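Every read-out reported here was derived from the displayed coordinates using simple, explicitly stated rules and does not represent laboratory data. Just so you know, these numbers come straight off a predicted model, no measurement behind them. Here the Cβ positions follow ideal geometry from the backbone for every residue, glycine too, while neighbour counts run over all protein chains shown.
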Number of protein chains: 2
Amino acid sequence: MRNIKIVLEYDGTNYAGWQRQKNALSIQQVVEEALYKLTKERITVIGAGRTDSGVHARGQVANFFTASRIPAERFSFALNSVLPPDIRVLESQEVSHEFHARYSAKAKQYRYSICMRPHAPAIARNYYYHVPDILDVEAMNAAAKYIIGTHDFKAFQSAGSGVKNTVRTVYEAYWVWEPPCYLHFHIKGNGFLYNMVRILVGTFIEIGRHRMLESDMKRILESGDRDKAGPTVPAHGLCLEKVYY
Amino acid sequence: MRNIKIVLEYDGTNYAGWQRQKNALSIQQVVEEALYKLTKERITVIGAGRTDSGVHARGQVANFFTASRIPAERFSFALNSVLPPDIRVLESQEVSHEFHARYSAKAKQYRYSICMRPHAPAIARNYYYHVPDILDVEAMNAAAKYIIGTHDFKAFQSAGSGVKNTVRTVYEAYWVWEPPCYLHFHIKGNGFLYNMVRILVGTFIEIGRHRMLESDMKRILESGDRDKAGPTVPAHGLCLEKVYY
């Protein structure tokens, strides 16, 4: 058996997220069914990040074990010949048996994108959260500095996730303005709590609207209280950009 | 009657182009039906550019006459409340009765986008033409210089368009590389023949693949022979960016 690592790009619009579930189509299921078509093996695919419904990926990483004789580098082309056009395998290679897409991951990088103008976008509307207000990007970047480093991010976790250790390390966090009207939040960390990026972005937007202060980011972080943070912004602005090993 | 000018953004994926036609849904028809819902008037909307099926717009301009009392600046919001999400009105204002979206236009700007990597894009796949080869962008930009200025573009017109005067002026034409793998062709001119941008791009791609020389662009232009130019690339990479008055 060989262990194959693949890098995936997908448009999450029409899927119930990465993880296999009953009564809803997941990306994991579609990839596993594509592998079945190619190999006639019932293969479990392990994904690095369990992206939610509507969340996209430009650099999801997954691995699977196979007895197939398809050359490792050809798996990307073989899979793309049977996958739907909203899921593409960008790379495939053989890795050691110890490699595990989730447990071996050292860091992940996400991007959240906003379209900031009076009217919603028509083009690429599934990739941008529409905010009709003018946001103060400088204030948002000043607030972003507070989350860099190792902190307890309990205040930025959706209720009922059941995770006990809520301490995570954020390596990079900043906003970039792309003319004429787009904002992108880049964040890289060693791990993320459930809905952490989307609650952080919801809080940044409140700061950008001057409904919260820059320093409120520090106060909310220290409080550990989800109710003090901003709302969870919609899934479709979020994209898993890269997984580091 | 007031003359109202609107600026439109649309995702052309699900439409048979701008112009109203039988047995297929056009953007013009959808906008006219939205105006009927708002005003109960049978209004004809004049578009600046008759974009083809699958072609997008970030800055299509249109105008129409109405007796409605909706304030001109509110038309954008009113129309967006009844239009589907793949068509958005970005601006609306009252203009003089002489203004005609097509005949008053001084210049138009288009963009053609390419995804240049082994595998097709999953994200934003309706906005990029996939080219699995590595293109020589420097050669393409060198060739682009030959089309700037006033020329007879007969060689870059699809057969059967029936236009007699095929002389047009191109003000700007250049390729931009956007990391990691995107190419955008920007072109601004006083007018464009049928499929002119798509045939030009098809020719640039042949030059980028070194199947044609940079200087072939000049030779093809002077020949006036459609058969000497490259293929017509697909519609979905094309976007009407701006109309100048």
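For A:Tyr244, which inter-copy label distances result when the label point lies 7 Å beyond Cα on the Cα-to-Cβ vector, reported in nm to one decimal and in ascending order?
Listed shortest first, these distances are 4.5 nm.
Listing B:Phe185, A:Phe192 from the residue with the fewest other Cβ atoms within 10 Å to the one with the most, what is the order?
A:Phe192, B:Phe185
Starting from the Cα of B:Glu178, move 7 Å in the Cα-to-Cβ direction to define the label point; list residues of region A:162-190 whose amide nitrogen is under 16 Å from there.
A:176-185
Give me the net charge for the shell around A:Lys188: Cβ to Cβ below 13 angstrom, other residues only, Lys and Arg +1, Asp and Glu -1.
In short, +3.
So which residue of B has the beta-carbon closest to the axis that swings B onto A, and how many whole Å away?
B:Ala124, 3
In nm, to one decimal, how far is the modelled label at B:Glu222 from the one at B:His186, with both set 7 Å along Cα→Cβ?
Inter-label distance under the simple model: 3.0 nm.
Roughly how many nanometres apart are two label points built 7 Å out from the Cα toward the Cβ at B:Leu213 and A:Ser158?
6.1 nm
Gap in Å between the Cα centre of region A:218-245 and the Cα centre of region A:114-164?
Each part's Cα centre sits 7 Å from the other's.
Quick check: residue separation of A:Asn165 and A:Gln19 times 0.36 nm, minus the Cα distance between them. What number comes out in nm?
Between A:Asn165 and A:Gln19, full extension yields 50.4 nm more.
Can you run phi through the Karplus equation (6.51, -1.76, 1.60; θ = phi - 60°) for region B:99-107 and list ³J(HN,Hα) in whole Hz, with x for Gly and Pro?
Ordered by residue, 3J(HN,Hα) equals 5, 10, 3, 8, 6, 7, 5, 8, 7 Hz.
At A:Phe99, label 7 Å along Cα→Cβ: distances to the other copies, nm, ascending?
5.8
Here are some pairs, B:Lys164/B:Lys242; A:Lys5/A:Lys145; B:Lys5/B:Lys228; which of them have Cα atoms lying more than 32 Å apart in this structure?
Over 32 Å Cα-Cα: A:Lys5/A:Lys145; B:Lys5/B:Lys228.
Taking the label point as lying 7 angstrom from Cα along the Cα-to-Cβ axis, what are the distances from B:Asp227 to the corresponding position in the remaining copies, in ascending order and in nanometres?
Ordered by increasing distance: 7.9 nm.
Kindly provide the pair-distance distribution of region A:44-123 built from C-alpha pairs, with 10 Å bins from 0 and whole-percent values in order of increasing distance.
Calculated P(r), rounded to whole percents: 13, 41, 29, 11, 5, 1.
Using only the C-alpha atoms of region B:2-95, find the volume of their convex hull and express it per residue in Å³.
81 Å³
With the crude spin-label approximation of a point 7 Å out along Cα→Cβ, what separation in nm comes out for B:Thr44 versus A:Ile134?
Those two pseudo-labels are separated by 4.0 nm.
Rounded to a whole number, what is D in µm²/s for chain A from Stokes-Einstein with the Kirkwood radius over alpha-carbon pairs (4 °C, 1.567 mPa s)?
In µm²/s, the coefficient is 68.
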